[in-house]
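Where a number appears in this text, it was derived from the coordinates with a stated rule and is not lab data. As the structure is a prediction and not an experimental result, all values here were calculated from the model. Reconstructed Cβ throughout: ideal geometry from the backbone, glycine too, with neighbour counts over all protein chains shown.
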Amino acid sequence: MFRTLPIAAAAALLAMPALACDGFEADDAYARAATAMSQSGAAFMVLRNQGDSDCRITGARSDVAQRVELHTHIEDEQGVMRMVEIEGGIALPANGEHALERGGDHVMFLGLNRPLEQGDVIALTLIFEDGAEVALEVPVDNERQPMGHGHSHGHGHGND
Ligand SMILES: [Cu+2]
């Protein structure tokens, strides 16, 4: 009885069209680099899945950087925060959301092809597990302060 379950599941998958992440939406997206000389930058946004099925973002690309990775921060054994690639991508449960924010998960631009200048709009493509892609236009906002740090009266020293 149980032995037949995987086959039934596979058949059900085949019967369904390969749907993209239907209810996907990216809100409040912005990109930044710490300085005009930075070789890397990052993008932040709120990822929303308003659809009824789970989906997963497994990659991204952009013409602004040689490599684009999905990153998160972890604290290593020495208590130092490090950035690492998110294994398996970013899961977006049905009717759920996931924030990409400073100090947390983010889209990382490695090897910038050009500086991220205030007011620029960059193209960013998110790639889903099923191969579907969503193209976003992301404004560069180097002046944006991290959430939860209150209003800074200095000149931001971005360190992420
Ligand atoms: Cu990173």
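For the reader, a short list of remarks on this structure follows.
- Signed unit charges on C-beta, dipole axis of the stretch 67-138, positive-most listed residue Val84, Gly131, Val121: Val121
- Mean sequence separation of contacting Cα pairs (under 8 Å, at least six apart), scaled by the length of the stretch 2-139, corresponds to a relative contact order of 30 percent.
- With K and R counted +1 and D and E -1, the other residues having a Cβ less than 14 Å from that of Glu129 yield a net charge of -4.
- With a cut-off of 9 Å between beta carbons, the residues surrounding Val46 carry a summed charge of -4, where Lys and Arg count +1 and Asp and Glu -1.
- Dipole moment magnitude, nearest 20 debye, the stretch 64-117 about Cα centre, only Lys, Arg, Asp, Glu C-beta charged: 280 debye
- The simple spin-label model puts a point 7 Å past each Cα toward its Cβ; for Arg114 and Asp22 those points are separated by 3.8 nm.
- Residue ranges 76-83, 59-66, 116-123 sort as 59-66, 116-123, 76-83 when ordered by packing (mean number of other C-beta atoms within 10 Å per residue, highest first).
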